[in-house]
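Asks: Take this structure, written in structure tokens, and hold onto it; I'll ask about it next.
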Protein chains: 2
Amino acid sequence: MKNSLPARDSFSEKLADSGLRATPQREVVYDVLIKWRDHPTAEEVFARVKAELPTISLATVYNCLETLVQCHLIRTVNFERGPTRYCPNLHPHAHFHDEKSGDTHDIDLPAGLLDQISAILPPQYDAKSIEIIFRGAVGPARAASVPSPTANP
Amino acid sequence: MKNSLPARDSFSEKLADSGLRATPQREVVYDVLIKWRDHPTAEEVFARVKAELPTISLATVYNCLETLVQCHLIRTVNFERGPTRYCPNLHPHAHFHDEKSGDTHDIDLPAGLLDQISAILPPQYDAKSIEIIFRGAVGPARAASVPSPTANP
DNA sequence: AAAATTATTAGAATTATTCCAATTCCGACT
DNA sequence: AGTCGGAATTGGAATAATTCTAATAATTTT
């Protein structure tokens, strides 16, 4: 079975599209984001990348992150004052911020929802992107229609 | 004609609800937010408030803003890295960030939209609030069905 | 392989915010 | 009115996050 993600190829390609090179630092920064998809801060990325490239500097991590954002390989996430966080999920999705744990989860958006939301804008407004952020709590799995998973494989 | 906004009353009341006082500094900070509804930063609020209270300190502006947020008199707005901005509009609304001018406009939400959006969440997720941010351009009023404005009054 | 370009690095500088300790203010009680 | 105590304000120091700068290193081009 071959990997369905065109990640490695499109990684170099997307950089090349902007006339930039796929350096070891950029690769490892990107790999770290792909591997731990928990919306880390630049400092957290720095800590993780150092395991692989012990001599990398924080400035380089900032540079790489900025570069990857420019090339549309990753996105920034900003809610609450505080450090910017980074997200390699490029599909349209919302973020759910769990106020208890501080964790942020990606929420996939049903097709058409974004169009529906843009429809509320007055005609002069032309939205290039829409960001949706939920804040709240993630409870224990609520007993919904399925009574109990006991008999499930 | 009496003012339809219960602002001044509810201002003192909402503070009192939290056992806090309506000080001149808090009042002027709040007034400034009500008067210029352009989502200013703390520094901008500081500059505006100084016209009225020349001896106020930046620390006090931060304190007042924080206090007003606690009492649900204003809200914070955070998009882009950069300073937190403040908004006295408590009705459910989205923000449209004009990338040309840098201005942020409030967009009223039609009734039911927030419920509809929350409906996309898996059952364990309980959202206390939803934030919607548009980014894009506010163009000149688009000529839609009307072919040309030439003959228009 | 020299020149030119691009990328990385460490540290200084900047920005935004919070912390702290010292007054000042205000309301309750004498 | 005078005093006590908590609440609020203040200026400056401290911290956190990010950007800037100038020097070096790596890669590509000539």
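The values are calculated or read from the model by the stated rules, or taken from the named source; none is laboratory data. If you're wondering where the values come from, they're calculated on a predicted model, not measured in any experiment. A quick note on method: Cβ atoms are made from the backbone with ideal geometry, for glycine too, and the neighbour counts reach across all protein chains shown.
Asks: Keeping to the range A:67-91, report how many residues are without any contact (Cβ under 8 Å) to a residue 24 or more places away in the chain and out of contact with any Ser or Thr (no Cβ under 9 Å at 6 or more places or on another chain).
Replies: Qualifying residue count for the region: 3.
Asks: Sticking with this structure for a sec: Say we look at the range B:102-153 and pick out the residues that are surrounded by 10 or more Cβ atoms within 10 Å (Cβ to Cβ), at pLDDT 85 or above and assigned to a loop (DSSP other than H, G, I, E, B); which of these is farthest from the other protein chains (Cβ to nearest Cβ)?
Replies: This residue is B:Asp103.
Asks: For the range B:7-19, state whether one or more residues are among the aromatic types (Phe, Trp, Tyr) and under 18 Å from B:Ile132 (Cβ atoms).
Replies: Residues of the range B:7-19 that are among the aromatic types (Phe, Trp, Tyr), as a first pass: B:11.
Retained after the next criterion (residues that are under 18 Å from B:Ile132 (Cβ atoms)): none.
No; the residues of the range B:7-19 include none that is among the aromatic types (Phe, Trp, Tyr) and under 18 Å from B:Ile132 (Cβ atoms).
Asks: Tell me the residue from A:Arg81, A:Arg75, A:Arg48 that is within 16 Å of DNA strand C (Cβ to nearest atom), among the basic types (Lys, Arg) and under 30 Å from A:Ile117 (Cβ atoms), please.
Replies: Values: A:Arg75 fails: within 16 Å of DNA strand C (Cβ to nearest atom); A:Arg48 fails: under 30 Å from A:Ile117 (Cβ atoms).
Of the residues listed, the single one that is within 16 Å of DNA strand C (Cβ to nearest atom), among the basic types (Lys, Arg) and under 30 Å from A:Ile117 (Cβ atoms) is A:Arg81.
Asks: Consider A:Pro24 against the criteria (1) within 14 Å of another protein chain (Cβ to nearest Cβ); (2) within 10 Å of DNA strand C (Cβ to nearest atom): it satisfies all of them except one. Which criterion is unmet?
Replies: Only one criterion is unmet by A:Pro24, namely (1).
Asks: Given the condition under 22 Å from A:Ile132 (Cα atoms), among the hydroxyl-bearing types (Ser, Thr, Tyr) and near DNA strand D (Cβ under 10 Å from one of its atoms), answer yes or no: does some residue in the range A:57-68 qualify?
Replies: No, there is no match, as no residue in the range A:57-68 is under 22 Å from A:Ile132 (Cα atoms), among the hydroxyl-bearing types (Ser, Thr, Tyr) and near DNA strand D (Cβ under 10 Å from one of its atoms).
Asks: Further, regarding this structure: Anything in the range A:33-44 that is near DNA strand D (Cβ under 9 Å from one of its atoms) and in a helix (DSSP H, G or I)? List them, or say none.
Replies: Of the residues in the range A:33-44, the ones near DNA strand D (Cβ under 9 Å from one of its atoms) are A:41-43.
Within the range A:33-44, A:Ala42, A:Glu43 meet the criteria.
Asks: Can you tell me how many residues within the range A:49-88 are assigned to a loop (DSSP other than H, G, I, E, B), away from chain B (no Cβ under 11 Å) and buried (at least 17 other Cβ atoms within 10 Å of the Cβ)? If you could, list the steps in order and put the result at the bottom.
Replies: Step one: list which residues in the range A:49-88 are assigned to a loop (DSSP other than H, G, I, E, B), which gives A:51-57, A:71-74, A:78-84, A:88.
Next, only the ones that are away from chain B (no Cβ under 11 Å) stay: A:51-57, A:71-74, A:88.
Going one step further and asking which of them are buried (at least 17 other Cβ atoms within 10 Å of the Cβ), we end up with A:56, A:71, A:73-74, A:88.
Going through the range A:49-88 one residue at a time, the tally reaches 5.
Each row is one residue, and each column tells you yes or no for (1) within 12 Å of DNA strand D (Cβ to nearest atom); (2) in a helix (DSSP H, G or I); (3) out of contact with any helix residue (DSSP H, G or I) (no Cβ under 8 Å at 6 or more places or on another chain).
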residue	(1), (2), (3)
A:Ser10	no, yes, yes
A:Arg21	yes, no, no
A:Glu27	yes, yes, no
A:Phe46	yes, yes, no
